[in-house]
Amino acid sequence: MSDPLGPVRAAVDAARTASSDFDLNPGTFLPSGRKLRPAGVLVAFLAHPDGSAELFLTMRSSALKHHPGQIAFPGGKQDEGDADVTAAALREAQEEIALDPANVSVIGHLPPHETVTGFFVTPVVAQVRVDFDPVPEAGEVAEVFRVPLDHILNPALYRVESRRWRGSRRHYYIVPYGPYYIWGATARILRGMAEASQ
């Protein structure tokens, strides 16, 4: 039987180019000495016996100060107690959606992504060994949902939209799924994976 996560493993092996929130906004000036904070996000997939696979995503609480209501991977900034960004991603996933690190097999990393908020984010790609019931962290995560792998690996489903931000027009990728408006850094990281998996 073929590996449902074969395209994901291929993307991890093939991806070489780092990305940023500024990819579609080439006129943005980025100071060379800017300080970026390391962070890790868990790009976690569950493979099914029928050959399909799903990605876990969260909807952030509308009460949060930063990025309220946005779609995101579980994850966050690397703390002093974290050995590396992988440890940060696993810790945050356990806190945010109750995913036990023992139930995770890390596949590898995608190239880092720089966010407009000053984070240097490393996507940690992983397989969830056994299905589980996510428990959203109260106050931080409003919902945990799943997106079919076939959906996020289809480049034709990605579009570019724009809005005014801090006095200028900012362009960004989106990849909607049902009622979920997946955009910004999350969509950019997934689009990079889609490209690398082809």
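The values are calculated or read from the model by the stated rules, or taken from the named source; none is laboratory data. It should be emphasised that the depicted structure is a prediction, and the values quoted were computed from it without experimental measurement. Areas reflect the complete protein model, heavy atoms only, side chains present, ligands, DNA and RNA absent. Shrake-Rupley method; radii C 1.70, N 1.55, O 1.52, S 1.80 Å.
Worth pointing out:
- Cα gyration tensor category, rounded, prolate or oblate, for the range 129-198 with a/c compared to 1.5: oblate
- Within the assembled protein chains, the solvent-accessible surface assigned to Arg164 is about 150 Å², based on a 1.4 Å probe.
- Contact order normalised by residue count of the chain, Cα under 8 Å, 6+ apart, percent: 28 percent
- Expected 222 nm ellipticity per residue - DSSP helices of 4 or more, -39500 (n - 2.57), all of the chain, to 500: -6000 deg cm²/dmol
- Largest-first ordering by accessible area, 1.4 Å probe, given options Arg60, Arg16, Arg163: Arg16, Arg163, Arg60
- The antiparallel fraction among DSSP beta bridges confined to the range 3-126 stands at about 55%.
- Residue with peak Gaussian network fluctuation, the chain [Cα springs, cutoff 10 Å], from Ala39, Ala47, Ala187: Ala47
- Normalised per residue, the volume of the convex hull around the Cα set of the range 55-170 (Å³): 135 Å³
- The chain - Rg over Rh from alpha carbon coordinates, Kirkwood radius: 0.94
- A probe of 1.4 angstrom, applied to the heavy atoms of all protein chains, finds Thr86 with accessible area near 30 square angstrom.
- Rounded to the nearest 10 Å², the accessible area of Ser2 at probe 1.4 Å: 90 Å²
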